[in-house]
Amino acid sequence: MAEELKNEEMEELLEEEDSQKGKFMTFQTGKEFFGISISYVNEIIAMQPIAAIPEVDDYIKGLINLRGKIIPVIDVRVRFKMEPSEYTDRTCIIVIDVNSTMIGLIVEKIAEVDTIADDSIVPPPSLGRKEHEHNKYVYGLARTGDAVKLLLDPEKLIRQEEIEAVMEDIRKED
Amino acid sequence: MAEEFNTESMLDMFLYESGQLLEKLEGIILEKQDADCFDDSDINEIFRVMHTIKGSSGVLMYENITKVTHKLEDVFYYLRESHPDDVPHMELVEKVLAVSDFVTGELDKLKNGDTPDGDEHQLVEDLDEFLGRLKGEIKKQGIQMPQANKHEEPKQFYITPVAGDDSHFYRISIHYRSDTQMSNIRAYSATYALKEVAEDLLYTPDDILSNEASGDVILAEGFHMLLQTKSSKEEVIALIDSSEAEEINFDELTKGEYGKALAEFGREDAVTIDLGEEDKAEEKDKKKDKPQPGDYVVKTKEAGKGKTLAKNQPKQQSIISVNVEKMDALMDLIGELVIAEAVVLQNPDLKVPGLELSNFQKASGQLSKITTELQEVIMSMRMMPLTNVFQKMKRIVFDVSRKLDKDIELEVIGENTEVDKNIIEHITDPLMHLVRNSVDHGIEENAEDRTTLGKPAKGKITLEAKNEGGKVYISVKDDGKGLNKEKLYQKAIDKGLIENKLISEFTDKEIFRFITLPGFSTKEEVTEYSGRGVGMDVVVKNIQSIGGRLDIESVEFEGSEMTLIIPLTLAIINGIVVQVGNSPFVIETASIKEFVRVGEDSLIHEPSGEEYIVLRGECYPFIRLNERYDLADSISNVEEGIVVVLEHEGSQVCVLIDKLLQEQEIVVKPIPPYVKKVKGLSGCTQLGDGSIALILDIAGLLIQDGERR
């Protein structure tokens, strides 16, 4: 009896995972499309007033108040060294939750939720461009239809931030 | 799965309950540490505590806890049943504390997920030996049966039954009808009713509740009571339930007769209700403590005699424990509610001209009132009295002073001062350290050293808490040696902790502050309690981490006073919201000295670009927030903006802002760790309209300013 129950539970769990597996929230920034695994996405909210924080990297736009929770937001364009663009009605904040750290990503335009099969994801070509900044967060390229989507690894994105912050502190102390 | 969950919750319950019980136990013990013996209610209470812990630890199969508590329960069972005289009270106190420590230690292990593996053998043996000695002593006195001793103890109480001039004495005998059911219960309800008015009450048979056979005795011989009360005869008669009673004899006695009757009762196996004894203790305490009003001993005894009964019962405050996370969630929600309210009440849709809104305004006024109240309630929920922390300190003074063989009394003032729960967690350790220091280093080793200085032989430590101007002051004051400035200076120089300056170049406060330097310890030998030189700097660090500071005052040969000055709460500060450019900032009200408008002519420009402001002849450093934080659209002309003079620990700084927005109680939230720490900002908060404001950290601003110069 118990065994059966367990199996059922497992199946349910697997199913749930399945329903999220291979699904990516894609958004457009500039001409390029990016994708984030949907399991990281908490919600998508409309642009909000942002309280700026002084003396931080320019891509950290500031803090927003998400129903009493204060979370930082970063501008994806600025993060990827693109020219910042004006915020419009289409501009959204994707709230992602990576290991309990909540961060908002400001994106120009939400595209859609795409299902991308594992085998259509290829690692980004490395033509000796290791120093190229945004490659670090892009773990794969996916071709859907006629567009190529850059898949982001939020965990890396956040960890990288932390490392950078620590490094900066060390540099300052020196 | 399910089973596992159950054990878990049972363990939680066990830890929580036992923790509470032990705290209560320690409270009783320490309150009575100076008394000659425990009174009956204490003995019962301790017995009950031990019994409960024994039971629940047995269920969870923590054998060592069970054994130890069982032993102590035995001891108190014996005390309760036999009332032996000459109980070595101090030793008993120590034994109870030892058990309490043992169990606490084991509980801590459980809390950390370890197995409680403490060795109980020594403790059990000690207790066995102690109990043996107790019993032995009785035998030596030639009293074979403990039961025979039973009424010795009650008699003692009678030496001082507090009989006022207006006390009346009655002998009341009730004979119930022979067919009365449960006459013992009826008798009990009569005694219960009389307890309300009684100063003293004796009855026989005395075992009406525990012994069902007593019902028969009552039926046969009647139920007799001796009552001392301030109430009149009529009042007393009215209290007794006369249904089922065949006959009630009611004799008023004189004091002398009453005394005789008591003696008779004594011979007839009488036992008192604790009232008399409790009163005696109360009187004694009152006399002893009269010179120190506010002392904790007096405080707990303030209740009038009429309330003695209620007081005997364990103080059951109706308290439930709530997960702090839930409280925080509630607080967030209420914050949201306030914002939502603002959105509704200031909705632009309402601004249509010609709209009739008077009813709406009334209703919204009511709504605002409720939400404000709600906010106040949730904030007060986070506040807790310092009582528990202070109780721990009592314990430390007791332990350390006995180990070091110093005679020290502890006075506690203002233990009901309330502070935020988070703060309580942060100050316990530092405070403990300060108290230990006072006992160990502060108070002189020998009583002679004190008496030659004209001080009382008994050392005194005063623990005081008060709430002043948004800060809590907790001070530990001793009347001991005090700090020797030359010694401190020499030591600091020897250890290379300070620059080579003459002692005269330091102020007293600066010299006292040497003891907070890492690696400084004024005592030559390291003792068990303090003196490893890792103490004071840690204390200061802990206190600083919650935004407090340590103030040291001392006069040599007269004593020292260490004062912790800490914010009332970490979570809520009273702040002024100001605006610079488009960004709102919050400044803690307590650190604002004044707002001024100054003219261009009071600015001094240095060639390096630094600026100063001269106010009433004094020169202050000047910070333009807009430049410091690169804020656009802000006022840079001093004459248009407002200059805020801020103060932190004696140093001042002037800050230029655009305008003042409002004063508000704000809920401090940390800046998310993802954003690296910005100097000069201590957190952020949500304003009434839902926008976010950054909180200025004056200390950070000052440091940053200092670095730049």
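The values are calculated or read from the model by the stated rules, or taken from the named source; none is laboratory data. If you're wondering where the values come from, they're calculated on a predicted model, not measured in any experiment. Neighbour counts are summed over all protein chains in view; Cβ atoms, including those assigned to glycine, are modelled from backbone coordinates with ideal geometry. Ligands, DNA and RNA are excluded from the accessible area calculation, which covers all protein heavy atoms including side chains. Shrake-Rupley method; radii C 1.70, N 1.55, O 1.52, S 1.80 Å.
Within the set B:436, B:382, B:395, the sole residue that is modelled with pLDDT under 80 and either of a type in the set (S, T, N, Q) or under 30 Å from residue B:462 (Cβ atoms) (or both) turns out to be B:382. Pairing residues of region B:484-509 that are at positive phi and open to solvent by 50 Å² or more (accessible area, probe 1.4 Å) with residues that are part of a helix (DSSP H, G or I) and modelled with pLDDT of 80 or more, at Cβ distances under 7 Å and at least 6 apart in sequence or on separate chains, gives no pairs at all.
Just for region B:319-328: of the residues that are of a type outside the set (Val, Ile, Thr) and open to solvent by 50 Å² or more (accessible area, probe 1.4 Å), which one is farthest from residue B:20 (Cα to Cα)? Taking the candidates together, the pick is B:328. Checking the condition within 14 Å of chain A (Cβ to nearest Cβ), surrounded by 18 or more Cβ atoms within 10 Å (Cβ to Cβ), in contact with a strand residue (DSSP E or B) (Cβ under 8 Å, 6 or more places away or on another chain) and not aromatic (Phe, Trp, Tyr), which residue from B:587, B:613, B:671 passes? The unique qualifying residue is B:671. For region B:687-701, residues that are touching a residue at least 60 places away in the same chain (Cβ under 8 Å) and open to solvent by 30 Å² or more (accessible area, probe 1.4 Å) total 2. Checked against (1) within 21 Å of residue B:702 (Cβ to Cβ); (2) more than 38 Å from the chain's Cα centre (by Cα); (3) within 14 Å of chain A (Cβ to nearest Cβ); (4) polar (S, T, N, Q), residue B:602 passes all but condition (3). One residue stands out among those in region B:329-350 that are at pLDDT below 80 and open to solvent by 60 Å² or more (accessible area, probe 1.4 Å): the one that is nearest to the other protein chains (Cβ to nearest Cβ), which is B:343.
Every test in (1) in contact with a Leu (Cβ under 8 Å, 6 or more places away or on another chain); (2) farther than 26 Å from residue B:700 by Cβ; (3) at the interface with chain B (Cβ under 7 Å from one of its Cβ atoms) is passed by residue A:96 save one, and that test is (3).
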